[in-house]
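Peer 1: First, the structure itself, so that you have it in front of you.
The values are calculated or read from the model by the stated rules, or taken from the named source; none is laboratory data. As the structure is a computational prediction, the values presented were derived from the model and not from experiment. Neighbour counts run over all protein chains shown; Cβ positions are idealised from the backbone, glycine included. Ligands, DNA and RNA are excluded from the accessible area calculation, which covers all protein heavy atoms including side chains. Shrake-Rupley method; radii C 1.70, N 1.55, O 1.52, S 1.80 Å.
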Amino acid sequence: MDDKTRGGQFIVKETKCEAIFTPEDFNEEQIMMRDSVKEFVDKEIWPNKDRFEKKDFAFTVECMHKAAELGLLGVAVPEAYGGMGMGFVNTVLVCDYISGATGSFSSAFGAHTGIGTLPITLYGTEEQKQKYVPKLASGEWFGAYCLTEPGAGSDANSGKTKAVLSEDGTHYKITGQKMWITNAGFCSLFIVFARIEDDKNITGFIVENDPNNGITTNPEEHKLGIRASSTRQVFFNETKVPVENMLSERGNGFKIAMNALNVGRIKLAAACLDAQRRVITNATKYANERIQFNTPISQFGAIRYKIAEMAASCYAGQSATYRAAQDIEDRIKIREAEGASQQEAELKGIEEFAVECSILKVAVSEDIQNCSDEGIQILGGMGFSEDTPMESAWRDARIARIYEGTNEINRMLSVGMLIKKAMKGHVDLLGPATKVGEELLSIPSFETPDYSELFSEEKEMIAKLKKTFLMVAGGAVQKYGPDLDHHQQLLIAAADILIEIYMAESTILRTEKLAKKEGAEKVEGQIAMAKLYLYKAVDIITQKGKESIISFAEGDEQRMLLMGLRRFTKYTNMPNIVELRKLIALKIISKNEYCF
């Protein structure tokens, strides 16, 4: 199979639009699943938003049981353990459409099906999987994940919770405090991370929630958002755990935690997508109905600006998330074809695309925050009122930038992991970076290119933006070497360049593929969103590139790199973004909903 399936390679190679998966490629089964999930949410979740906002935790559990009856808790679970055994794209699709109505249910669902279940399916022994996974897939039991501690947040491996082997060697006694534990108020099982003796790395355990076994919880936390998502501190006081409940090997807990978070990151991105669609739709409906100066406010340019920007970001998030989801699924199939077990294939397939998972987590979590903020602004005073869904959408969105590793951590991880992949030979950064360095010393071409084909200039622009990243990252690595980790502001700026390239390219490729299928005249709204997103991405990359170069280069080197930056971010035919926004907004306003 084409090497397009290797994670991180997007930055050094050209990807053809035919090689990516898009939401327009959903098959009949996926469309039916999407529609059934939407029906469930529109019937059970959306009409009862007020119950979630009033901290009706019992209702959250009730909805989890209803989701279980539809089989939605077991979509990603192999059939051998009572699940539906569906592919990774289907898993992401369900996470997308089940999560948009309220962050409370989204958090409960995501924690259970992701970090509450996946560590066992990915790392558990056959006996562990047979014992626990069917109960989790059916909703008989619910799961939770205990990693964070008062002194161990982003530095997850620094946890103080201890696991002490009993004298007879039959069980461990776990003692410690965990905090911010989603589903703690109703779960039957914890995935707990603790340190054995003075081990360098933590170890994972499967711990049944038995209050008579030294397990207590604090009352529910009072939170800004996700108010009916159960969040508690959990205390373990010499909690006895059979030795056979160790997850994977001793000292392997940090690896388990990180790989579980990789899955959580792309699923978190997916969980923000339908929330954006609903915000855009509700803001548009209000704008069409709200009359000021004898005119619906949807006719005003300032409102259309907001609708168009919200839509373009949502469209980009969809494009990139489903691209990565299919790449992961393809990689899993490659591993299985090579003889790996389903368990190992899924583990390695997800790990392969850790860079893209971090990129998506950052980009889409920030897009939903901006989208919901603009939704409030469009509704004005009503947006600030609890009588409309906007203020709860904004509050719920805020946690997404903290979940699954903060966005700051994920920014630095995305660049750091890419460099590590290059050092392992999985992505050739050195060769392309060297060529970029040679190009900087050459005289640029002054020929006028032929940009008559759809997206011909945009695709050339993407290629030049990749050179910008290679120029910046290459210069930074050359300057600081292994000490690059200590230059966080530089890493974050480089990450923003990387993020915008992946998001913009995914959007362009999706739209090009759609235009080839439907004809450009039928997808002019999508074309406008792709061009608008790229225009804004170039602005961000220009700013972050300049900030990066100035931070590590001086004198002639700095002047050369800044000249290269101008060369690589130069638009020949800059789009009229005012007209693009108008076209996008009119499409949505006329349909009275997000329609892409």
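Peer 1: With (1) of a type outside the set (D, E, K, R); (2) free of Cβ contacts under 8 Å to residues at least 12 places away in the same chain; (3) in contact with an Asp or Glu (Cβ under 9 Å, 6 or more places away or on another chain) as the list, and Ala58 as the residue in question, which single condition is left unmet?
Peer 2: Unmet condition: (3).
Peer 1: Just to be sure I understand, how many residues within the stretch 358-387 are more than 17 Å from the chain's Cα centre (by Cα), surrounded by fewer than 24 Cβ atoms within 10 Å (Cβ to Cβ) and at pLDDT 95 or above?
Peer 2: Result for the stretch 358-387: 11.
Peer 1: Right, another one. Yes or no: the stretch 187-207 includes at least one residue that is under 15 Å from Ser158 (Cα atoms), among the β-branched types (Val, Ile, Thr), assigned to a strand (DSSP E or B) and more than 27 Å from the chain's Cα centre (by Cα). Show your work before the answer.
Peer 2: Taking the stretch 187-207 first, the residues under 15 Å from Ser158 (Cα atoms) are 192-204.
Still in the list and also among the β-branched types (Val, Ile, Thr): 192, 196, 202-203.
Retained after the next criterion (residues that are assigned to a strand (DSSP E or B)): 192, 196, 203.
Next, only the ones that are more than 27 Å from the chain's Cα centre (by Cα) stay: 196.
Yes, there is a match, as at least one residue in the stretch 187-207 is under 15 Å from Ser158 (Cα atoms), among the β-branched types (Val, Ile, Thr), assigned to a strand (DSSP E or B) and more than 27 Å from the chain's Cα centre (by Cα).
Peer 1: How many residues are part of a loop (DSSP other than H, G, I, E, B), farther than 28 Å from Val279 by Cβ and open to solvent by 30 Å² or more (accessible area, probe 1.4 Å) if we restrict to the stretch 69-85?
Peer 2: Applying the first criterion (part of a loop (DSSP other than H, G, I, E, B)) to the stretch 69-85 yields 70-71, 75-78, 82-85.
Filter once more, keeping what is farther than 28 Å from Val279 by Cβ: 71, 77-78, 82-85.
Pick out the ones that are also open to solvent by 30 Å² or more (accessible area, probe 1.4 Å) and you get 82, 84-85.
Number of matching residues: 3.
Peer 1: Another question about this same structure. Looking for something within 30 Å of Lys467 (Cα to Cα), in contact with a Phe, Trp or Tyr (Cβ under 9 Å, 6 or more places away or on another chain) and small (Gly, Ala, Ser) - is there at least one such residue anywhere in the stretch 8-30?
Peer 2: yes
Peer 1: I would also like to ask the following. What pairs come up if the first residue lies in the stretch 211-223 and is acidic (Asp, Glu), the second is open to solvent by 80 Å² or more (accessible area, probe 1.4 Å), and their beta carbons are under 9 Å apart, counting only those six or more places apart or on different chains?
Peer 2: Glu221/Trp180
Peer 1: Residues in the stretch 480-502: is at least one open to solvent by 10 Å² or more (accessible area, probe 1.4 Å), without any contact (Cβ under 8 Å) to a residue 12 or more places away in the chain and more than 24 Å from Gly416 (Cβ to Cβ)?
Peer 2: No.
Peer 1: So which of Met563, Met574 is out of contact with any Ser or Thr (no Cβ under 9 Å at 6 or more places or on another chain), at pLDDT below 95 and open to solvent by 30 Å² or more (accessible area, probe 1.4 Å)? First the steps, then the outcome.
Peer 2: Working: Met563 fails: at pLDDT below 95.
Met574 is the lone residue from the list that is out of contact with any Ser or Thr (no Cβ under 9 Å at 6 or more places or on another chain), at pLDDT below 95 and open to solvent by 30 Å² or more (accessible area, probe 1.4 Å).
Peer 1: Filter the stretch 164-186 down to residues that are assigned to a loop (DSSP other than H, G, I, E, B) and either closer than 23 Å to Thr113 by Cβ or touching a residue at least 24 places away in the same chain (Cβ under 8 Å) (or both), then give me how many there are. So that I can check it myself, show each step before the final result.
Peer 2: Step one: filter the stretch 164-186 for residues assigned to a loop (DSSP other than H, G, I, E, B), giving 166-170, 183-186.
Those left that are additionally either closer than 23 Å to Thr113 by Cβ or touching a residue at least 24 places away in the same chain (Cβ under 8 Å) (or both): 166, 169-170, 183-186.
Counting residues in the stretch 164-186 that are assigned to a loop (DSSP other than H, G, I, E, B) and either closer than 23 Å to Thr113 by Cβ or touching a residue at least 24 places away in the same chain (Cβ under 8 Å) (or both) gives 7.
Peer 1: Let me ask something else. Can you tell me how many residues within the stretch 216-262 are of a type in the set (Val, Ile, Thr) and under 20 Å from Gly151 (Cα atoms)? Full working, then the answer.
Peer 2: Restricting attention to the stretch 216-262, the residues satisfying the condition of being of a type in the set (Val, Ile, Thr) are 216-217, 226, 231, 234, 239, 241, 243, 256.
When the remaining residues are screened for being under 20 Å from Gly151 (Cα atoms), the result is 216-217, 231, 234, 256.
Here the count works out to 5.
To keep it simple, each residue is scored yes or no on (1) in contact with a Leu (Cβ under 9 Å, 6 or more places away or on another chain); (2) surrounded by fewer than 20 Cβ atoms within 10 Å (Cβ to Cβ); (3) not acidic (Asp, Glu).
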residue	(1), (2), (3)
Arg250	no, yes, yes
Asp274	no, no, no
Asn282	yes, no, yes
Lys285	no, yes, yes
Asn288	no, yes, yes
Met310	no, no, yes
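Peer 1: Can you tell me which of (1) of a type outside the set (Ser, Thr, Tyr); (2) surrounded by fewer than 17 Cβ atoms within 10 Å (Cβ to Cβ); (3) under 17 Å from Leu465 (Cβ atoms) is the one Glu408 doesn't meet?
Peer 2: So the condition that Glu408 fails would be (3).
Peer 1: Also, quick follow-up: Search the stretch 263-290 for residues being of a type in the set (S, T, N, Q) and out of contact with any Phe, Trp or Tyr (no Cβ under 8 Å at 6 or more places or on another chain), and hand back the single one that is nearest to Asn157 (Cα to Cα).
Peer 2: Quick first cut of the stretch 263-290, residues of a type in the set (S, T, N, Q) only: 276, 281-282, 284, 288.
In the following step, the residues that additionally are out of contact with any Phe, Trp or Tyr (no Cβ under 8 Å at 6 or more places or on another chain) were identified as 282, 288.
Values: Asn282: 42, Asn288: 51 Å.
So the residue we want is Asn282.
So that you can scan it fast, the table gives a plain yes or no per residue for (1) assigned to a loop (DSSP other than H, G, I, E, B); (2) crowded, with 17+ Cβ neighbours inside 10 Å:
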site: Phe21; (1), (2): yes, yes
site: Gln30; (1), (2): no, yes
site: Arg34; (1), (2): no, yes
site: Val37; (1), (2): no, yes
site: Asp42; (1), (2): no, no
site: Thr60; (1), (2): no, yes
site: Ala67; (1), (2): no, yes
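Peer 1: Then there is this: Run down Gln326, Gln318 and say which single residue is in contact (Cβ under 8 Å) with a residue 12 or more places away in the chain, in a helix (DSSP H, G or I) and open to solvent by less than 20 Å² (accessible area, probe 1.4 Å). Spell out how you get there, then give the answer.
Peer 2: Working: Gln326 fails: open to solvent by less than 20 Å² (accessible area, probe 1.4 Å).
The conditions single out Gln318.
Peer 1: Which condition from (1) open to solvent by less than 10 Å² (accessible area, probe 1.4 Å); (2) at positive phi is the one that Gly124 breaks?
Peer 2: Exception for Gly124: condition (2).
Peer 1: If I ask for residues that are touching a Cys at 6+ places or on another chain (Cβ under 7 Å) and assigned to a strand (DSSP E or B), which ones from the stretch 228-283 would you list?
Peer 2: Val234
Peer 1: Among the residues of the stretch 284-293, which ones are touching a strand residue (DSSP E or B) at 6+ places or on another chain (Cβ under 9 Å) and either in a loop (DSSP other than H, G, I, E, B) or without any contact (Cβ under 8 Å) to a residue 40 or more places away in the chain (or both)?
Peer 2: Filtering the stretch 284-293 down to residues touching a strand residue (DSSP E or B) at 6+ places or on another chain (Cβ under 9 Å) leaves 287-290.
Glu289, Arg290 - these are the residues of the stretch 284-293 that are touching a strand residue (DSSP E or B) at 6+ places or on another chain (Cβ under 9 Å) and either in a loop (DSSP other than H, G, I, E, B) or without any contact (Cβ under 8 Å) to a residue 40 or more places away in the chain (or both).
Peer 1: Pairs needed: first member in the stretch 461-472, more than 14 Å from Leu490 (Cβ to Cβ); second member anywhere, among the polar types (S, T, N, Q); C-beta distance under 8 Å; at least 6 residues apart or different chains.
Peer 2: Taking only residues 6 or more apart or on different chains, the pairs are Lys464/Thr569; Leu465/Thr569; Thr468/Thr569.
Peer 1: Another question, then. Specify the residue that is farthest from Thr468 (Cα to Cα); the eligible residues are those in the stretch 547-560 that are open to solvent by less than 80 Å² (accessible area, probe 1.4 Å) and of a type in the set (A, V, I, L, M).
Peer 2: Checking each candidate, the answer is Ala553.
Peer 1: Between Leu562, Leu509, Leu586, Leu534, which is in contact with a Cys (Cβ under 7 Å, 6 or more places away or on another chain), assigned to a helix (DSSP H, G or I) and either of a type in the set (A, V, I, L, M, F, W, C) or touching a residue at least 40 places away in the same chain (Cβ under 8 Å) (or both)? Explain how you work it out, then say what you get.
Peer 2: Working: Leu562 fails: in contact with a Cys (Cβ under 7 Å, 6 or more places away or on another chain); Leu586 fails: in contact with a Cys (Cβ under 7 Å, 6 or more places away or on another chain); Leu534 fails: in contact with a Cys (Cβ under 7 Å, 6 or more places away or on another chain).
Residue meeting the stated conditions: Leu509.
Peer 1: Restricting to the stretch 446-463, name every residue that is open to solvent by 90 Å² or more (accessible area, probe 1.4 Å) and either part of a helix (DSSP H, G or I) or polar (S, T, N, Q) (or both). Even if it seems obvious, please write down each step before you answer.
Peer 2: Of all residues in the stretch 446-463, those open to solvent by 90 Å² or more (accessible area, probe 1.4 Å) come to 446-448, 450, 452-453.
Correct list: Thr448, Ser452.
Peer 1: Could you look through the stretch 173-186, keep only residues that are closer than 19 Å to Glu220 by Cα and over 24 Å from the mean Cα position of the chain (by Cα), and pick out the one that is least open to solvent (accessible area, probe 1.4 Å)? Don't jump to the end; show me each part of the working.
Peer 2: In the first step, residues of the stretch 173-186 are kept if they are closer than 19 Å to Glu220 by Cα; the result is 176-186.
With over 24 Å from the mean Cα position of the chain (by Cα) added as a condition, the list becomes 176-178, 185-186.
Numbers: Gly176: 20, Gln177: 61, Lys178: 2, Gly185: 39, Phe186: 43 Å².
Out of the qualifying residues, it is Lys178.
Peer 1: While we're looking at this one, here's another question. Quick check on this structure: which one of Ile399, Ile350, Ile443 is in a helix (DSSP H, G or I), open to solvent by 20 Å² or more (accessible area, probe 1.4 Å) and more than 25 Å from Ala537 (Cβ to Cβ)? Spell out the reasoning first.
Peer 2: Numbers: Ile350 fails: open to solvent by 20 Å² or more (accessible area, probe 1.4 Å); Ile443 fails: in a helix (DSSP H, G or I).
That would be Ile399, the only listed residue that is in a helix (DSSP H, G or I), open to solvent by 20 Å² or more (accessible area, probe 1.4 Å) and more than 25 Å from Ala537 (Cβ to Cβ).
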